Amino acid sequence: MKKEFDVTRLWLCLGMGICMIVAGCGRVTGNGEQSAPLARVNDTLISQIQVDRALQRAGQPTTAARQMLDSLVDQQLLADLAEKERIDQDWAVKDALAAARRQVLTQALLEKHAAGKPSDDEIARYYDQHPILFSNRRVFTFRSINVVEPRAGLERHLKRELQVGKGLSELTVGLEAAGYKFRAADGTAGAEQIPDYLHADLQRAEAGDVVIAGNKQMLTVMNILAASPRSLSLAEAKPMIARYLENTKRAETAQQLLTALRKSARVEYLSSKQAETMGDIIGPPPDE
């Protein structure tokens, strides 16, 4: 009986992006371990380790292994056709492949140099240091004004306006007259979705309060309409804290590596004239 073509699986395999670049092909893994081949697509073997890694990246259970294998087969068939039609020689495709390669190498490098997963003590310490996000977490309903690139003294001016009884609608009129770019909005959000420069004031805020704080890029005026407790236990918060700390460590590692690399590497920023000359040299070939 002829197997019905699964369009959903096709979109899954297309959405996997650089999956095959990371996983590699053949019998031997990057650590030299043997990996049993599960399928052959023309001249390419798809191995057990490829399926396992693809499942892990997609966050799918091992029970989806057959569907993932079918997705990898479909992806390889499409890739073979693309090479047959010389799509891999297209300038834009070459550029995208090079970008994907850089991304994979960068991620692998940062994972290699990062200081491992955060410990339980690190996670617990972060939990205790940020009660507004976890143990004392609340969900706020609010009206807000977000002012882009506030000038010096604006925060003090708006606080004086609030003290004399002006509301947010009146503040927007004044901001518009002064030529500021701003966005007024109503919303409901937990503290983790609200800029951290407001957190200190939000810890004490109750319904009816107006808090105002910001930085050089943004100034926020927030009228709290309601504040509902929605605390998270350490056990509930642990996975998200672990991900955050891992990403933070990875970013710190990247910065340290880049600082050292920029000291030893030769990096030149070209003038417009130099860029035009180089563009003539490395630009895409003319259409035939």
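The values are calculated or read from the model by the stated rules, or taken from the named source; none is laboratory data. Just so we're clear, the structure is a prediction, and the values are computed from it rather than from any experiment. Virtual Cβ from ideal backbone geometry, glycine too; neighbours counted across all protein chains shown.
Given the structure, is Leu69 within 22 Å of Leu97 (Cβ to Cβ) and either surrounded by 13 or more Cβ atoms within 10 Å (Cβ to Cβ) or assigned by TED's automatic domain parsing to the domain that holds Leu97 (or both)? Even if it seems obvious, please write down each step before you answer.
Numbers: within 22 Å of Leu97 (Cβ to Cβ): no; either surrounded by 13 or more Cβ atoms within 10 Å (Cβ to Cβ) or assigned by TED's automatic domain parsing to the domain that holds Leu97 (or both): yes.
No, not satisfied.
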If you check Ser135 against the conditions, is it in contact (Cβ under 8 Å) with a residue 60 or more places away in the chain, over 18 Å from Leu225 (Cα atoms) and not in a helix (DSSP H, G or I)?
-> yes
When residues of region 241-262 are limited to those that are exposed (fewer than 14 other Cβ atoms within 10 Å of the Cβ) and β-branched (Val, Ile, Thr), the one farthest from Tyr126 (Cα to Cα) | Thr259
When only residues in region 139-169 that are modelled with pLDDT of 95 or more and of a type in the set (S, T, N, Q) count, which is surrounded by the fewest Cβ atoms within 10 Å (Cβ to Cβ)?
-> Thr141
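Is it the case that some residue within region 217-240 is surrounded by fewer than 16 Cβ atoms within 10 Å (Cβ to Cβ), at pLDDT 90 or above, within 30 Å of His157 (Cβ to Cβ) and not polar (S, T, N, Q)?
Taking region 217-240 first, the residues surrounded by fewer than 16 Cβ atoms within 10 Å (Cβ to Cβ) are 217, 225-226, 228-231, 233-236, 239-240.
Still in the running and at pLDDT 90 or above: 217, 225-226, 228-231, 233-236, 239-240.
In the following step, the residues that additionally are within 30 Å of His157 (Cβ to Cβ) were identified as 217, 225-226.
So of that shortlist, the ones also not polar (S, T, N, Q) come out as 225-226.
Yes, the conditions are met somewhere in region 217-240.
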Residue count for region 115-132, restricted to those that are assigned to a loop (DSSP other than H, G, I, E, B) and of a type in the set (Lys, Arg) = 1
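Does Arg9 meet the test of being touching a helix residue (DSSP H, G or I) at 6+ places or on another chain (Cβ under 6 Å), at pLDDT below 85 and more than 30 Å from Asn247 (Cβ to Cβ)? Please lay out each step first, then the result.
Values: touching a helix residue (DSSP H, G or I) at 6+ places or on another chain (Cβ under 6 Å): yes; at pLDDT below 85: yes; more than 30 Å from Asn247 (Cβ to Cβ): yes.
Yes; evaluated as a whole, the condition is true for this residue.
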Can you find even one residue in region 141-161 that is over 28 Å from Gly190 (Cα atoms), in contact with a Gly (Cβ under 9 Å, 6 or more places away or on another chain) and in contact (Cβ under 8 Å) with a residue 12 or more places away in the chain?
-> no
Region 47-93, subset among the hydroxyl-bearing types (Ser, Thr, Tyr) and more than 21 Å from Ala108 (Cβ to Cβ), residue farthest from the chain's Cα centre (by Cα) = Thr63
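Looking at Ala115, Ala178, can you tell me which residue is in contact with a Ser or Thr (Cβ under 8 Å, 6 or more places away or on another chain) and either loosely packed, with under 12 Cβ neighbours inside 10 Å or without any contact (Cβ under 8 Å) to a residue 12 or more places away in the chain (or both)? Write out each step before concluding.
Details: Ala178 fails: in contact with a Ser or Thr (Cβ under 8 Å, 6 or more places away or on another chain).
Of Ala115, Ala178, the one residue that is in contact with a Ser or Thr (Cβ under 8 Å, 6 or more places away or on another chain) and either loosely packed, with under 12 Cβ neighbours inside 10 Å or without any contact (Cβ under 8 Å) to a residue 12 or more places away in the chain (or both) is Ala115.
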Just wondering, is there one or more residues in region 109-119 that are closer than 30 Å to Leu261 by Cα, at pLDDT 90 or above, assigned by TED's automatic domain parsing to the domain that holds Thr253 and out of contact with any Leu (no Cβ under 8 Å at 6 or more places or on another chain)?
-> yes
Only one of (1) free of Cβ contacts under 8 Å to residues at least 24 places away in the same chain; (2) surrounded by 13 or more Cβ atoms within 10 Å (Cβ to Cβ); (3) not in a loop (DSSP other than H, G, I, E, B) does not apply to Glu83, and that is (2)
